[in-house]
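Reading through the structure tokens given below for one structure.
Quick note: the coordinates plus some simple rules give every number you see, no bench work behind them. Everything quoted here is computed from the prediction, not taken from an experiment. Quick reminder, even Gly has a Cβ in these numbers, built from the backbone with ideal geometry, and neighbours come from all protein chains shown.
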Amino acid sequence: MTDTISRGAANQAGAILNKNAAAEAQDFLPLKGIDHVEFWVGNAKQAAHYYRALWGFTPMAYAGLETGVRDRSSFVMVQNDIRFVFTAPIGPDGEIAEHVAKHGDGVHDIAFAVDDVESAWRETTSRGAVSALDPTEIEGKKGTLRRSAIHTYGEVIHSFVDRSDYHGAFAPGYHRVTQPAPAATGQVLLEVDHCVGNVGLGEMNRFVDFYKNVLGFAQLIHYDDKVIHTDYSALMSKVMTNGNGRIKFPINEPAAGKKKSQIQEFLDYYLDAGTQHIAMRTEDIVGTVRVLRERGVEFLGMPHAYYESLPARVGDVGVPMDVLEELGIEADRDEEGYLLQIFTRPVQDRPTFFFEIIERHGSRGFGVGNFKALFEAIETEQARRGNL
Ligand code: FE2
């Protein structure tokens with residue numbers, strides 16, 4: 001295979017940006033944003049500690065034996081507009097225990113905030129979505145939470161949540177954490193920028209059609225495997241977005257390469273389609289990455305050669321190149337502006353889910369100019385795991 005990614009030519013070569021995508025999205029499903037992401041994990045108490053101590057999330061609500069919930073333990077962690085829920089089973093049976101046994105820790109639910117959970121459920125199931133929860137009113141002392149849900153790729157679901165008549169901590173069954181242990185400070189993570197799904201070979205277009213036809217999303221960008229490949233592996237990706245542009249879901253599928261692609265490695269260990277990474281947006285990536293590194297968050301490293309060629313590709317990005325290199329931050333530029341980004345190593349034992357931190361300055365892209373260097377960095381890690 002030849003090297004098709006060089007000097008920012010990638011955008012012209014094979015990444016097609018649809019600037020009107022959000023406007024083209026259909027409005028039968030108005031989504032206000034991502035309400036929360038729930039992870040099903042083996043040990044929620046220790047996960048909550050990891051996200052508090054290393055990532056600076058504040059514990060906000062808890063459900064478990066002490067709150068009358070008998071089958072699970074859940075911790076709600078917040079940072080600005082990001083709300084993560086970590087849930088573990090407290091017994092060997094049931095869907096959470098089975099999910100964790102099969103997949104390891106992973107994303108269970110990418111939940112949307114809506115005004116009308118009944119309409120959201122009806123509009124999507126009538127277009128072919130499989131229901132995961134019929135519209136339900138959950139009564140609690142602090143009001144009524146309305147919720148419904150549909151299935152998407154793998155075992156991931158999308159809940160629709162209306163909390164307009166609920167005034168409690170998170171949901172009935174949860175108690176507010178009244179004296180939260182102080183979260184670490186110095187990092188600034190503002191909101192979920194995008195959530196990436198990995199699906200099996202030949203499945204990408206099926207889920208692109210799902211988000212288009214069932215949820216009314218439009219396609220923002222298409223990267224083909226001529227763009228996204230290294231000497232060893234390749235993938236294809238299409239990015240779907242909703243009507244207000246706040247929700248961005250890239251969908252990846254593996255493509256044939258000389259060796260195992262990182263998408264195939266994910267699928268081999270997650271044993272299903274699943275959420276590969278979540279990008280969190282910051283306006284201070286340098287300060288944030290510096291403190292996250294000090295606290296022990298593990299990021300992918302980039303080789304010195306990457307930074308030697310970077311100025312010619314991206315020009316001035318407001319941060320000295322030696323600082324980017326010291327912290328392992330990558331940069332990319334397109335016709336609309338630039339972005340800075342960095343990726344963690346997998347955050348659980350299996351080489352599956354990881355995080356991205358992204359700082360945007362005009363660019364609405366996803367760092368296509370970094371894909372080749374990034375994938376080579378990932379392949380170095382795959383080789384260390386004996387999976388290349
Ligand atoms: Fe990303």
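A few notes on this one:
- Debye log10 I(q)/I(0) at q = 0.10, 0.19 Å⁻¹ for segment 33-176, Cα point scatterers: -0.33, -1.25
- Fewest-first ranking of 231, 316, using other Cβ atoms within 10 Å as the exposure measure: 316, 231
- Remark: spin-label model distance residue 144-residue 65 equals 3.4 nm, labels positioned 7 Å along the Cα→Cβ axis.
- Summarising the overall dimensions of segment 283-347 from its C-alpha atoms, the Rg and Dmax are 11.9, 36 angstrom.
- Residues whose amide H lies under 5 Å from that of residue 274, counting only those 5 or more places away or on a different chain, are 198; hydrogens are built 1.01 Å from N in the peptide plane.
- Where N is the number of residues in segment 22-96, Cα Rg divided by 2.2 N^0.38 Å: 1.35
- Amide H contacts of residue 56 (H built 1.01 Å from N, under 5 Å, at least 5 apart or other chain): 184
- Per residue convex hull volume, Cα atoms of segment 209-338, in Å³: 159 Å³
- Exposure proxy order (Cβ contacts within 10 Å, fewest to most) of 295, 147: 295, 147
- Note that segment 243-257 has calculated 3J(HN,Hα) couplings of x, 8, x, 6, 10, 10, 10, x, 10, 10, 9, x, 10, 5, x Hz, one per residue in order, obtained from phi through the Karplus relation 6.51 cos²θ - 1.76 cosθ + 1.60 (θ = phi - 60°); glycine and proline are x.
- Segment residue 294..residue 326, full-extension length gain: 10.3 nm, with 0.36 nm per residue of separation and the alpha-carbon distance subtracted.
- Note on segment 275-385: antiparallel DSSP beta bridges, both residues inside, total approximately 65 percent of the bridges counted.
- Using R0 = 25 Å, the C-beta based FRET efficiency linking residue 53 and residue 384 works out to 0.45.
- Cα-Cα pairs of the chain separated by more than 40 Å (percent): 12 percent
- Cβ-Cβ FRET estimate between residue 131 and residue 98, R0 fixed at 30 Å, reported to 0.05: 0.95
- With both residues required to sit in the chain, DSSP beta bridges show an antiparallel share near 85%.
- Fewest neighbouring Cβ atoms within 10 Å first, the residues 298, 379 line up as 298, 379.
- Ordered from longest to shortest, the equivalent ellipsoid semi-axes for segment 93-252 are 31, 21, 17 Å, each the square root of 5 times a Cα gyration tensor eigenvalue.
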